[in-house]
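The structure appears right after this line, and notes come after that.
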Amino acid sequence: MIVVAFVVFYASRSLVQGLLLTLEHHIPHLLGALGAGNMGNSCVCRDDSGAEDNVESQGRQAENSRSHIPEARSHPRDPVRPPRRGRGPHEPRRKKQNVDGLVLDTLAVIRTLVDNDQEPPYSMITLHEMAETDEGWLEVVQSLIRVIPLEDPLGPAVITLLLDECPLPTKDALQKLTEILNLSGAAACQDACHPAKHRNTTAVLGCLAEKLAGPASIGLLSPGILEYLLQSLNFQSHPTVMLFALIALEKFAQTSENKMTVSESCISDQLILLEKWTDNPDYLKRQVGFCAQWSLDNLFLKEGRQFTYEKVDLTNIRAMLNSNDVSEYLKISPHGLEARCDASSFESVRCTFCVDSGVWYYEVTVITSGVMQIGWATKDSKFLNHEGYGIGDDEYSCAYDGCRQLIWYNARSKPHSHPCWKEGDTIGFLLDLQEKQMIFYLNGNQLPAEKQVFSSAVSGFFAAASFMSYQQCEFNFGAKPFKYPPSMKFSTFNDYAFLTAEEKIILPR
């Protein structure tokens, strides 16, 4: 289950535990790829006003949180996020502080909170209160754009959390934000050597496009903002800026009038070029390619272009992700082996093949190093993306979480000894129904066997996974050689499964 502080990924019902307090490797330049393999504190320059106090506050919050981390969660929480804590009838409004410091404090403490039963951090409550007025909301949004560091893997998720928890902006506030940002095609080219501001701006626009609907979303997509997002798709931009600009355009296109406006901009011509990155060895570019291809197949169609499902070679694929048994916002590749989530909900998917006996193995390549829960589930497992149920959140499934270094079962977690996963890592999943055990591997290094799930389920197992926002991975069910096959004898789904030609087709939505 997915919870990073009051559900940064507001998606799952499990306990966040073992969140890292320091980045093992700080990316030395802002031009580094989005997201490190570890989650931790990052330093960025900000206004001196209140900076020292905020750094000290950050340290105190982290220390206090560390002292209360339990070994495992022993009871499920209420689904989704806890109710936002408001001021009591006699409680004064909290003193306004340096907003940049509050944002950075929230970004730091979000990694250390372990249970939604805890009160939200002071910095988050204060930011929410500030955002109750138009002026305060504008200050919070501008700060998110200004200070969230590019190299922090939780940056986009914290932007999503804070904006989603804040009150809906008024029409006047949106108009004022448009004037302040003053976005245009030329603005997308400015400060190109400092992509953090542009990544954060495109992430904010995507969050607002998803949060708003109808006329408000149409009004936000001004000619200047449309030019800004389209210009951000050019190859001069940093790949992470390209990625979040494309995601923002996807979310604007959820409103039909916006979809028509974006389509008329000839966006498909640029996406045709970006689509070539789908198999790029640079995992950030690969994400851009994946999203470009998905948009061409589902949103921004190009006249004369074949849909990818019409030309992909599925000859040797006999098991894939089940596009008919997937939560609503997960993106699945046309070959049925790669999946991505760009929604704020907790999206899940199962394999098409079910096993009842024997020893089985599959592998997953990590494309993004954030929070995913991958493992095994049965037909009885709950896939409730809006209510926060994912793999490992009931008694019928068990999941490996390589970002937070946890094993999940029945909404309880326990730490494992593997280091945090990183882009390109291979995770192995072995199911032994003879010995009633599951074994998880990281690049061939195995963990002790897990047996808990067999007290509730003994057959009918599927490979399955749940995804936090902006996460992606690729599955190998045996259609190609495994990188780290286990030493014991095992079977693969691809050797025993069967799909008709029609069942293999992943149709556009």
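The values are calculated or read from the model by the stated rules, or taken from the named source; none is laboratory data. This one's a predicted model, so the numbers in the text were calculated from it and none came from an experiment. Reconstructed Cβ throughout: ideal geometry from the backbone, glycine too, with neighbour counts over all protein chains shown. Ligands, DNA and RNA are stripped out before the accessible areas are found, and what is left, the full protein with its side chains, is counted by its heavy atoms. Shrake-Rupley method; radii C 1.70, N 1.55, O 1.52, S 1.80 Å.
Under the simplified labelling scheme, the Ala192-Lys176 pair shows an inter-label distance of 3.4 nm, with each label point 7 Å from Cα along Cα→Cβ. When Lys489, Lys285 are compared by accessible area of protein heavy atoms, the largest-first order is Lys489, Lys285, using a 1.4 Å probe.
How charged is the neighbourhood of Ile247? Take every other residue with its Cβ under 12 Å from the Cβ of Ile247, and add Lys/Arg as +1 and Asp/Glu as -1.
Working: positive: Arg199, Lys251, Lys331, Arg340; negative: Glu210, Glu250, Asp342.
Net charge around Ile247: +1.
For the stretch 308-380, the extents of the C-alpha atoms along the principal axes are 37, 32, 23 Å, listed from largest to smallest.
The relative contact order of the stretch 99-309 comes to 15 percent, based on Cα pairs under 8 Å that sit 6 or more residues apart.
Note on Ser469: accessible area is roughly 10 Å² with a 1.4 Å probe, heavy atoms of protein only.
Positive-end ranking of Met130, Ser237, Leu271 along the dipole of the stretch 99-309, with charges on Cβ about the Cα centre, is headed by Leu271. Whole Å is fine, so just give me how far the alpha carbon centre of the stretch 407-450 lies from that of the stretch 168-204. Here the two parts' Cα centres lie 42 Å apart. Within 10 Å of each candidate Cβ there may be at most 13 other Cβ atoms; applying that plus a DSSP loop requirement, which GluC sites (Glu not before Pro) in the stretch 274-315 survive? In loop regions of the stretch 274-315 (DSSP not H, G, I, E or B), the sparsely surrounded GluC sites (Glu not before Pro) are Glu303.
The peptide list 135-143, 320-328, put in order of mean Cβ contacts within 10 Å with the highest first, becomes 135-143, 320-328.
Using only the Cα atoms of the stretch 99-309, build the gyration tensor, take square roots of its eigenvalues as a ≥ b ≥ c, and label the shape rounded, prolate or oblate: rounded if a/c is under 1.5, else prolate if a/b is larger than b/c, else oblate. Verdict is prolate for the stretch 99-309. Shape class of the stretch 404-450 from the Cα gyration tensor (axes a ≥ b ≥ c, square roots of the eigenvalues): oblate, since a/c reaches 1.5 or more and a/b does not exceed b/c.
In summary, the lysines within cross-link reach of Lys176, defined as a Cα separation below 26 angstrom excluding same-chain residues under 8 places away, comprise Lys95, Lys96, Lys197, Lys211, Lys251, Lys259.
Only Lys, Arg, Asp and Glu carry charge here, each on its Cβ (+1 for the first two, -1 for the last two); on that basis the stretch 99-309 has a dipole of about 780 debye about its Cα centre.
Ranked by accessible surface with a 1.4 Å probe, highest first, in what order do Glu210, Glu179, Glu347, Glu132 come? Display every interim value, and only then the final one.
Numbers: Glu210 55, Glu179 110, Glu347 0, Glu132 85 Å².
Reading off the accessible areas and sorting them downward yields Glu179, Glu132, Glu210, Glu347.
Seen through its C-alpha gyration tensor, with square-root eigenvalues sorted a ≥ b ≥ c, the stretch 301-438 comes out prolate because a/c lies at 1.5 or above while a/b is bigger than b/c. With the convex hull drawn over the C-alpha atoms of the stretch 350-509, the volume per residue is 122 Å³.
Largest first, how would Trp408, Trp360 line up by accessible area (1.4 Å probe)?
Trp360, Trp408
Using a Cα-Cα cut-off of under 16 Å, which lysines could be cross-linked to Lys489, ignoring same-chain neighbours fewer than 8 residues away? Candidates past the 8-residue exclusion: Lys436. For Lys311, the lysines whose Cα comes closer than 24 Å to its Cα, not counting residues fewer than 8 places off in the same chain, are Lys276, Lys285, Lys302, Lys331, Lys480, Lys504. Rolling a 1.4 Å probe over the protein chains gives Thr315 an accessible area of about 100 Å². A 1.4 Å probe, protein heavy atoms only, puts the accessible area of His416 near 20 Å².
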